[in-house]
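Coordinate-derived values only; no laboratory data. Remember, it's a predicted structure, so these values are computed and weren't measured experimentally. Here the Cβ positions follow ideal geometry from the backbone for every residue, glycine too, while neighbour counts run over all protein chains shown.
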Amino acid sequence: MEVILIFISAAIINNFVLSYFLGICPFIGVSNKISSAFSMGIATTFVLTVTAIVSWLIYFMILLPFKLEFLQYVAFILVIASLVQLVEMVIKKVSQPLYRALGIFLPLITTNCAILGLALFIVLRNYSFIESIFFGLGAGTGFTMAITIMAGIREELELANVPDAFKGAPITLIVAGILALAFMGFSGLL
Amino acid sequence: MIRISYWREFVKGILDQNPTFRQLLGTCPTLAVTVSAVNGIAMALATSFVLVFSSVIISMIRKLIPSQVRIASYIVIIASFVTIVDLVMKARFPELSKELGPYIPLIVVNCIILGRAEAFSSKNTIFRSFLDALGNGTGFLLALTLIGSIRELIGSGKIFNFGILPAEFNPWLVMILPAGAFITYGLLLASINQISIRKKRIKKEKMIEEIIGKKKESVLLSEVAS
């Protein structure tokens, strides 16, 4: 039960993009089309879940027993960078179509602050192994949901008559603000 | 001549290429910590510290790093400085550190720092990189202070914890919530766009006037000649 609560909380109530502001760069950069936004969301969810597993193992199995907590940032970022590289290679070997669909977005994920943020939250909140996996999955689901909704709105927005000064990033940010307001409606859920 | 170009290196990060308003870099901390002006300043100072020191170090060893592994080396250098900032803040300002939470360690993935490392300090001398980093840091500081002040003023009627608005003012809670951050940032960006659009239009009108003036002159000249 606890695990499901963590999943829902990470996905909807404390959405990574709309309430922690993690992963804003891809949220604004790759939300032009629904299809590419969805692929980006799926790729990010995958990396988030794997990162949750690996960073939990590294922190609680290696860094903590050897009293090396001060190395956590360096360790996490290196692990994430190599993990993204590894995921890219594995996908390339296993499934060419998937690789072609995600290809461009995969390297971008390294600089997504949601990934490092997830690792930091796991340490900060002292999650257990299983909890971490569900936290990663939930965060990924939330990210996919937010970026896909955003892409849907932006596709409609292209037909609207937006004032010159608001074109591009400003109107996207304001739409994101309204979306964040809408997601606040979920805050009484738990 | 050299002095002027050094000055330009510093100033361009504040105005023309302001990381927040012009390049849209480092948006995560910009939105997340600007609940109050003080938080914004603390965040920007921490980021600037990391930016300046990592730029100088990267510029120092730019000829030693093989280009295949440069990004990884930059990240390790940046992460080391972030660790220093984090530990110092935890020891000296425990309350502020708690309030900023995971956003201090998240400086590691702040695109401003990696962006300056890749675009500038990996190609320029130490002093130039230092000035560039300082300029960008100052630009970031000004932007975060501005956003923080606006949100604090409307969200709680205060700036730097001094009451500014009268007590009858009913604070807009939404400005302190995440939605307020997005909307404030979007409106600020739009107003800056508006200013630059107007500037461009005035420039264009001036140019057209000049061309018309020249034409009139040449017409007059040709009339006189004939």
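A few comments on the model shown:
- Charge-dipole axis of the range B:2-193 as Lys and Arg at +1 and Asp and Glu at -1 on Cβ define it, positive-most pick from B:Ser80, B:Pro178, B:Leu188: B:Ser80
- P(r) weight above 30 Å for the range B:2-193, C-alpha pairs, percent: 24
- Estimated translational D of the protein assembly as shown in µm²/s (Stokes, Kirkwood radius over Cα pairs; 25 °C; 0.890 mPa s): 106
- Positive contributions from Lys and Arg (+1) and negative ones from Asp and Glu (-1), summed over other residues with Cβ under 15 Å from the Cβ of B:Cys111, come out at +1.
- A viscosity of 0.692 mPa s and a temperature of 37 °C, combined with the Kirkwood radius over Cα pairs in Stokes-Einstein, give a translational diffusion coefficient for chain A of 190 µm²/s.
- Packing-based order for B:43-56, B:146-159, B:11-24, A:151-164, using average beta carbon neighbours within 10 Å, highest first: B:43-56, B:146-159, B:11-24, A:151-164
- Estimated FRET transfer efficiency (A:Glu155, A:Leu98; beta-carbon r; R0 25 Å; 0.05): 0.60
- GNM result for chain A, Cα springs below 10 Å: residue of A:Met89, A:Met145, A:Met40 fluctuating most strongly: A:Met89
- Prolate/oblate/rounded label for the range B:80-226 (Cα gyration tensor, a/c 1.5): oblate
- Long-range HN-HN contacts of B:Ile159 with modeled amide H, under 5 Å: B:Ile164
- Restricting the range B:46-93 to trypsin sites (Lys or Arg not before Pro) that sit in a DSSP loop and have at most 16 other Cβ atoms within 10 Å of their own Cβ leaves B:Lys63.
- Within-14-Å neighbourhood charge of A:Ala81 [Cβ basis; K, R +1; D, E -1]: 0
- Helical runs assigned H by DSSP (4 residues or longer) give chain A a calculated mean residue ellipticity at 222 nm of -22500 deg cm²/dmol, each run adding -39500 (n - 2.57) before division by the residue total.
- Inter-chain Cβ neighbour average for residues B:26-36, partner chain, 10 Å: 4
- Of all the options A:Ala180, A:Ala37, A:Ala114, the one that moves most in a Gaussian network model of chain A with Cα springs shorter than 10 angstrom is A:Ala180.
- On the basis of the beta-carbon distance and an R0 of 25 Å, A:Asn32 and B:Lys200 show a calculated FRET efficiency of 0.50.
- Isotropically averaged projected area of the range B:82-163, using the convex hull of Cα atoms (one quarter of hull area), nm²: 6.7
- Degrees separating the helix A:72-94 axis from the principal Cα axis of chain A, which is the longest one: 70
- GNM result for chain A, Cα springs below 10 Å: residue of A:Phe60, A:Phe166, A:Phe76 fluctuating most strongly: A:Phe166
- For A:Ser128, B:Ser121, order by how many other beta-carbon atoms lie within 10 Å, fewest first: A:Ser128, B:Ser121
- Ordered by the number of other Cβ atoms lying within 10 Å of each residue's own Cβ, fewest first, B:Glu223, A:Glu88 fall into the sequence B:Glu223, A:Glu88.
- Relative contact order for the range B:42-169: 37 percent, from Cα pairs under 8 Å spaced at least 6 residues apart, divided by residue count.
- For the range B:13-99, alpha-carbon Rg over 2.2 N^0.38 Å: 1.23
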